[in-house]
Amino acid sequence: MMARLFCYMMAMVMAMLALPVRAEDGYDLWLRYAPAEQARAADISAHARTIVPVENGSTMEVATRELQRAVAHMTGSAPTLATTPTAGALWLATPRSAPGIPLSLKGLGAEGYAIRSIDRGGQPVTLIAANSDIGLLHGAFHWLRLAQTNAPLDRLDIRSAPRIGLRLLNHWDNLDGTVERGYAGMSIWDWWRLPDYKGPRYTDYARANASIGINGTVLNNVNAKAESLSAPYIAKAAALADIFRPYGIKVYLSVKWTAPMELDGLKTADPLDAQVAAWWKAKASEIYRAIPDFGGFLVKANSEGQPGPQDYDRTHADGANMLAAAVKPHGGIVMWRAFVYAHDNPDDRAKQAYDDFKPLDGQFADNVLVQVKNGAIDFQPREPFHPLFGAMPKTPLMMEFQITKEYLGQSTHLTYLGPLFEEALDADTYAKGKGSTVAKVIDGSLDGHKLTGIAGVANIGVDRDWSGSIFNQADWYAFGRLAWDPGLSANAIAREWTAMTFSPDPRLVDPVVAMMMGSREAAVDYMTPLGLAHVMATGHHYGPAPWVSDLARPEWNPVYYHKADADGIGFDRTKSGSNAIAQYAPVIARRLANPATTPESELLWFHHLPWDYRLKSGETLWNGLVHRYDHGVAYVAGMQRTWEGLRPLVDAERFAQTEAFLAIQHREAQWWRDASIAYFQSINHLPLPADAMAPAHDLDWYKAQSFPYAPGHH
Ligand code: BDP
């Protein structure tokens, strides 16, 4: 009876807020605000009877609306607005709106917030306080996270400020609507109909990002088209910037180095040419007229065929500094990518970025960040941390993670990336002795940098669920949370996400989080165990092709990376090989010089070892490799069983999607395992360990598989 009454009330409230009751299709992400159980709903209501917004302003409106809507969904009754905090009020206050706030805002900066349960004249009030409206918005989302995850709402005393300044998504979105390495449909930017038509999805994008603290977005692909900087496209970007502004999100653009030549017929793009510099200055002014808070430029130069300053015998620093001078008067910054390797450089690809950039340390202007991928090759399922971290103390280094899973199963595999991000951030560079973690390099604390940043290549598209699967949403979420606080644990983040995305019921949260936490390691096992890398199929990178050896450039071929032959397997990066280990701090280099002291998870990344090399388990390298593949496949089967057991606790639509995707993942994990084993066995001619099954097909069958229309490749 009560339940029916509650449903009826809910329906009334939704009608009141004109929100259609929708199936669980994933559109609402972690902002579902699902109806809480009765006692919990009463608790939430008691702490949000009224909202005390202090003044109008678009960000305040956004925060207030979000709180009202969320509480209405969760409890069935929307808080009313008030001007003074009385019992059960959620009081949003900045020093400007409420002088004499009863708590200190020191150290919270422009984006941080404090949340405290206070007693105001005998009345319990929840104070959310910040130096700015944006801080209040972040605080409001924090409170909503507590409300959604069944956390206590009493006796709150929370202070939070971001440890990293620039927390950006990088969209690899093309002007024709396709997305490079996108597995969630076409781009959400409807370039063609912008700036006139601004669909509701842009606002929901901004809400989702603000809720996890993301404060910037690079709209276009690093493989940029010059036209992104033409007047019509600046107007389109400006329309998006207007929508994102109240959410504290700035817009940035990737630039093509030769834009002055392509757009305006300049004869050169030499960064030391006065006309070129003047062109960029004028272009920057034009952009800032349309977007006064424009963030700045992202640049991929002299990398994979993109033009750049080296084409004119200038350095990356020459190029970056020229652009930096153009945006400097407007407060803009330049993010210069270190993802470079040259077709005419025969040296180990893993060494090239370091060799190019390390000598430039100290030469970059003060509004330049160098953006470095987490590993030295390319977003592999596992890579040792990039040796540039810790090696350029005079330059702010930005982290670049890939949220979209180009190499980790694309849209369908459940491979939660929280542990990958965490592993990279926690890696110790030993740059200034023990504890010099990558996180401390990028949050600026190791070398005293004020300008700091982190970027994630977005996994967002027009799919109804935004990310190509429900579980891929967790990677977007985890990136944002870690960007705000790189000290958070991937496990805690997974718990929050699961509670908000599905339900806070521990019967669901515990098994889902357990399955997420091991899922990335499982992908490592069934794709690239023991430090193998880059054995994916050519171009689209979908599926295994460790046999490929006929591509034009050596480092495009998987055989370049695994170097398997009759005697052994792995890339020798010690002194007897490329000596890439010398790019790390001496204590790390010493450890990596010896296979016995190299972590087994990175063994074949650093060493070429005989097939009968003894692993720590006592088994041979070959047998151990086969067992790792098997372990990966078995883990996926385990996830299928776990998920099956959760059927009663998950709505039909999201249950079915995950069930189907896990079946795909299982089939593909088996395919990865079988194809890899068939290939390596054709090289070493060794028998399989007694407990291992023979591959389902012969090697030729695996080699014959072809997927000309696999998504994400342009
Ligand atoms: C690789 C992708 C390629 C990108 C490149 C980059 O395969 O599509 O353009 O990285 O980061 O991972 O520039």
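In the stretch 166-501, carbon and sulfur make up what percent of the accessible area (probe 1.4 Å)? It would help to have the intermediate numbers written out before the result.
Numbers: 5070 of 9860 Å².
The C+S portion of the solvent-accessible surface of the stretch 166-501 is 51 percent.
Per-residue counts of other Cβ atoms within 10 Å, averaged by peptide: what ranking do you get for 558-570, 151-163, 182-194, highest first?
182-194, 558-570, 151-163
Label Ser489 and Ser706 with points 7 Å out from Cα along Cα→Cβ: what is the distance between them in nm?
Placing both labels 7 Å beyond Cα along the Cβ direction yields 5.0 nm.
Report the per residue volume, in Å³, of the convex hull enclosing the C-alpha atoms of the stretch 515-636.
Numbers: hull volume 15.6 nm³, N = 122.
It comes to 128 Å³ per residue, whole-number rounded.
What is the helix-to-structure angle for 652-684, meaning the angle in degrees between its Cα long axis and the longest Cα principal axis of the chain, kept from 0 to 90 and rounded to the nearest 10?
20 degrees
Once the cut-off is 35 Å, how many percent of the Cα-Cα pairs in the stretch 166-501 end up in the long-distance tail?
Numbers: 9236 of 56280 pairs.
Counting pairs separated by more than 35 Å, the tail of P(r) holds 16 percent.
As a test of the formula, what do you get for the chain when each DSSP H run with n ≥ 4 contributes -39,500 (n - 2.57) and the sum is divided by the residue count, at 222 nm and rounded to the nearest 500 deg cm²/dmol?
Taking each H run of at least 4 residues, the total per residue is -11500 deg cm²/dmol.
Helix 621-645 versus the longest principal axis of the chain: what angle, 0 to 90°, nearest 10, using Cα atoms?
30 degrees
Where the eigenvalues come from the Cα gyration tensor of the chain, what are the semi-axes √(5λ) of the equivalent ellipsoid, largest first, in whole Å?
On the way: eigenvalues 355, 220, 110 Å².
The answer is 42, 33, 23 Å, longest axis first.
So between Thr86 and Lys394, what do we pick up on full extension, going 0.36 nm a residue minus the alpha carbon distance? Can you show the working numbers first?
Details: separation 308, 0.36 × 308 = 110.88 nm, distance 5.15 nm.
Additional length available on full extension: 105.7 nm.
Arrange the peptides 453-460, 339-346 so that the one whose residues have, on average, the most other Cβ atoms within 10 Å appears first. Mind showing how you got there, number by number?
Numbers: 453-460: 27.6, 339-346: 14.9.
So the peptides 453-460, 339-346, ranked by packing, come out 453-460, 339-346.
Determine, from the Cβ-Cβ distance of Thr538 and Ala110 and an R0 of 41 Å, the FRET efficiency 1/(1 + (r/R0)^6), rounded to the nearest 0.05.
Numbers: r = 46 Å, r/R0 = 1.13.
Taking R0 as 41 Å, the efficiency between Thr538 and Ala110 is 0.35.
Ignoring any ligand, DNA or RNA, what whole percent of the accessible area of the stretch 27-160 comes from carbon and sulfur when the probe is 1.4 angstrom? Before the final figure, lay out each step's value.
Values: 2690 of 5300 Å².
The C+S portion of the solvent-accessible surface of the stretch 27-160 is 51 percent.
How far is it, in nm, from the label point at Glu286 to the one at Asp567 when both lie 7 Å from their Cα along the line to the Cβ?
Inter-label distance under the simple model: 6.0 nm.
Quick one: compute the contact order of the chain, relative version, from alpha carbon pairs under 8 angstrom and 6+ residues apart, as a percent.
For the chain, the relative contact order is 11 percent.
What full-extension length gain, to one decimal in nm, is calculated for Leu103 and His685 as 0.36 nm per residue of separation minus the Cα-Cα distance?
Details: separation 582, 0.36 × 582 = 209.52 nm, distance 7.11 nm.
Full extension of this stretch gives 202.4 nm more.
How much accessible area per residue does the stretch 618-683 have, in Å², with a 1.4 Å probe?
Numbers: 2440 Å² over 66 residues.
Per-residue accessible area for the stretch 618-683 comes out at 37 Å².
Determine, for each peptide in 495-502, 585-592, 288-295, the mean count of other beta carbons within 10 angstrom over its residues, then list the peptides with the highest first. Write down the numbers at each step before the final one.
Details: 495-502: 23.4, 585-592: 16.0, 288-295: 17.6.
Per-residue Cβ counts within 10 Å, averaged per peptide and sorted highest first, yield 495-502, 288-295, 585-592.
How large is the Kirkwood hydrodynamic radius of the stretch 27-160, counting all unique pairs of alpha carbons, in Å? Please report the intermediate quantities before stating the final value.
Working: mean 1/r = 0.0688 Å⁻¹.
It works out to 14.5 Å.
Convex hull volume of the Cα atoms in the stretch 240-365, per residue, in Å³? Spell out each step's value before the answer.
Working: hull volume 15.4 nm³, N = 126.
Normalising the Cα hull of the stretch 240-365 by residue number yields 122 Å³.
The values are calculated or read from the model by the stated rules, or taken from the named source; none is laboratory data. Predicted model, so just to flag it, every value in this text is computed and none were measured. Cβ: placed from backbone, ideal geometry, glycine included. Neighbour counts: every protein chain shown. The area values use the complete protein model at the heavy-atom level, side chains included, leaving out ligands, DNA and RNA. Shrake-Rupley method; radii C 1.70, N 1.55, O 1.52, S 1.80 Å.
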